[in-house]
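Step one of this worksheet: look at the structure below.
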Amino acid sequence: MPTTPPTRAWEVETGKPSREASRIYEQAIACFDKAIKLKPHSYKAWNKLGYALVRLGRDDEAIESFDKALEMKPDYASAYYNKAACYALQRQIEFAIENLQPAVDIR
């Protein structure tokens, strides 16, 4: 039997990513940071960076990343959705709804 629970089950139980998942998200953040240095106007890289930051509980940084993606592409539904999910995880329901509505309207 493994000593570490499966990543997703661990996250659900504890509300935090496992050590393995944290390491992977930290590596992803480093990769997205490099990608953004090479292509600072890559709205997809900013959005994916935000997603990785959310997974590590770095919500303020994630919101900033989603905002950067939306500055570059104001009709990017995925960034609105991810931003809404981040706010929902913080239990900021009004902000979550405010950001979910454009994602629905765009789709």
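For (1) among the charged types (D, E, K, R); (2) touching a residue at least 24 places away in the same chain (Cβ under 8 Å); (3) farther than 24 Å from residue 107 by Cβ, each residue gets a yes or a no:
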| residue | (1), (2), (3) |
| --- | --- |
| 30 | no, no, yes |
| 35 | no, no, yes |
| 39 | yes, no, yes |
| 65 | no, no, no |
| 78 | no, yes, no |
| 81 | no, no, no |
| 86 | no, yes, no |
| 90 | no, yes, no |
| 96 | no, no, no |
May I ask you to verify whether residue 88 is surrounded by fewer than 16 Cβ atoms within 10 Å (Cβ to Cβ) and within 25 Å of residue 18 (Cα to Cα)? yes
Might you check whether a residue that is farther than 23 Å from residue 100 by Cβ and either modelled with pLDDT of 95 or more or polar (S, T, N, Q) (or both) occurs anywhere in the range 42-54? yes
Restrict the check to the range 38-58 and report whether at least one residue is of a type in the set (A, V, I, L, M), surrounded by 18 or more Cβ atoms within 10 Å (Cβ to Cβ) and touching a Cys at 6+ places or on another chain (Cβ under 7 Å). yes
Please enumerate the residues belonging to the range 86-107 that are out of contact with any Leu (no Cβ under 9 Å at 6 or more places or on another chain) and among the small types (Gly, Ala, Ser). 103
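Report yes if some residue within the range 59-82 is of a type in the set (Asp, Glu), more than 12 Å from the chain's Cα centre (by Cα) and modelled with pLDDT of 95 or more; otherwise report no. Before you say what the answer is, go through the steps one by one.
To start, the set of residues in the range 59-82 that are of a type in the set (Asp, Glu) comprises 59-61, 64, 67, 71, 75.
If we keep only those that are more than 12 Å from the chain's Cα centre (by Cα) as well, we get 71, 75.
Pick out the ones that are also modelled with pLDDT of 95 or more and you get 71, 75.
Yes: one or more hits.
The values are calculated or read from the model by the stated rules, or taken from the named source; none is laboratory data. Remember, predicted model here, so these are calculated numbers, not experimental data. We place every Cβ from the backbone using ideal geometry, glycine too, and count neighbours over all the protein chains shown.
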